[in-house]
Amino acid sequence: MKIDIYQVDAFADELFTGNPAAVCPLRNWLPDQTMQKIAAENNLSETAFFVPEENGYRIRWFTPETEVDLCGHATLASAHVIFVHLSQGKTNRIQFNSKSGPLYISKSDDLITLNFPVANLKKVEPPSDLVKALSMKPVETWIASDYLVLLDSQADIIKAAPDFNLLRALDIRGLIITARGDSVDFVSRFFAPGAGINEDPVTGSSHTMLTPFWARRLGKTEMIARQLSRRGGTLFCKLLDDRVEISGKAVTYLTGIISVS
């Protein structure tokens with residue numbers, strides 16, 4: 001069996017920045033075990049698979065170790081593949097159906113916008129293992145699908161070097177650390193060693209938490225964010241009641257074919 005594969009740098013203005021994702025368009029679903037093996041072989045933070053449906057596409061995302069319910073950068077990469085390679089500019093709006101509900105995607109010039117549901121945040125006391133793993137005292141700690149930890153400054157975000165073994169033991173997908181930005185509205189980093197990703201270069205799904213979090217603090221609904229990983233990426237965020245728009249650019253790195261027996 002031959003399967004098309006694309007590798008796309010998402011939330012990237014140019015190649016070798018942003019977050020690389022693999023994208024495999026399918027006509028019919030492969031066995032879950034096969035998709036997981038493909039994701040492990042790709043060894044990127046996410047591999048997305050999608051199949052056509054009546055009102056759009058059904059999308060699923062796999063890390064090298066597990067399937068996840070929502071992924072922003074691999075959704076943006078998948079939309080880029082449809083807009084640029086499959087529809088060849090014939091459409092600028094699509095719908096993905098997922099385990100997290102419908103996801104609405106639009107394209108304007110070279111900017112792709114994801115419309116995702118907002119995450120419901122709850123303020124908590126940080127677990128002792130989280131504080132140990134971070135080696136910094138959180139200003140505040142919140143939780144939804146991940147822990148969200150507010151730190152004092154952008155400098156703290158840059159110098160953070162968490163203990164991945166301690167993070168891996170936490171009963172949650174990952175950890176977001178965030179602070180006000182020096183030249184953008186807010187900055188962040190994302191760690192998910194329990195899902196096989198020590199540090200994710202740019203994380204769209206974390207901004208379903210970060211956007212409402214910072215909208216309340218900054219008193220604004222439109223913000224520019226920067227994820228401060230080694231590759232780095234810029235995201236344009238907008239809060240819309242119970243939805244959030246997350247926009248960014250994407251660049252195709254490679255196209256190829258997988259041979260699966």
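The numbers here are math on the coordinates, done by the rules we state, and not lab data. The shown structure was predicted, so the numbers you read here are calculated from the model rather than taken from an experiment. Every residue, glycine as well, gets a Cβ built from its backbone with ideal geometry; the counts of neighbours run over all protein chains shown.
Report whether or not Val118 is over 25 Å from Phe62 (Cα atoms) and either touching a strand residue (DSSP E or B) at 6+ places or on another chain (Cβ under 9 Å) or crowded, with 19+ Cβ neighbours inside 10 Å (or both). No; evaluated as a whole, the condition is false for this residue. Just so you know, in the range 224-248 the residues that are in contact with a Cys (Cβ under 8 Å, 6 or more places away or on another chain) and among the hydrophobic types (A, V, I, L, M, F, W, C) include one that is farthest from Asp13 (Cα to Cα), and it is Val244. For the range 2-23, the set of residues classified as surrounded by fewer than 24 Cβ atoms within 10 Å (Cβ to Cβ) and under 21 Å from the mean Cα position of the chain (by Cα) consists of Ile5, Tyr6, Gln7, Asp13, Glu14, Leu15, Phe16, Thr17, listed by residue number. Of the residues making up the range 49-67, those that are in contact with a Lys or Arg (Cβ under 7 Å, 6 or more places away or on another chain) and of a type outside the set (Asp, Glu) are Phe49, Phe50, Val51.
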